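Accompanying notes for the structure given below.
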Amino acid sequence: MTLRIVKQRQRGASGPCPLCGRTMPLTYHHLIPKKLHRRTYFKKHYTRESLASGIMICRQCHDGIHRLYSEMHLGRYLNTPELLQEDPALQRHFAWVSRQRRR
């Protein structure tokens, strides 16, 4: 499944989560956490548009991403949809979530 980068949040969006495949209400995940946007490193290396970009994913996948990694790690090393999908720990989490019932 491919992840589509979105420039703006889609309020009340619902559909298949691109990470686990379940049809659920979706939340907006900033690829570079908002807390890091004001840091010099991120201001120098990323445009304002790329800082604001993100993906729409289900709440369980979103919570798992933030539970497994710090915001700094996400901003520096897992800041593209492809990197999120390729990470072994996240792959295990997404596989587990795909087997869960809708809450």
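The values are calculated or read from the model by the stated rules, or taken from the named source; none is laboratory data. Keep in mind the model is a prediction, meaning the values are calculated, not measured. Because the Cβ atoms are built from the backbone with ideal geometry, glycine has one as well, and the counts that use them run over all protein chains shown. Protein only, heavy atoms only, side chains kept; ligands, DNA and RNA dropped before computing areas. Shrake-Rupley method; radii C 1.70, N 1.55, O 1.52, S 1.80 Å.
A few notes on this one:
- Some residue of the stretch 51-58 being of a type in the set (A, V, I, L, M, F, W, C) and more than 21 Å from residue 97 (Cα to Cα): yes
- Number of residues in the stretch 15-68 that are part of a helix (DSSP H, G or I), open to solvent by 20 Å² or more (accessible area, probe 1.4 Å) and of a type in the set (A, V, I, L, M, F, W, C): the value is 2.
- Residue ID - nearest to residue 52 (Cα to Cα), chosen from residues in the stretch 79-96 that are loosely packed, with under 12 Cβ neighbours inside 10 Å and not hydrophobic (A, V, I, L, M, F, W, C): 82
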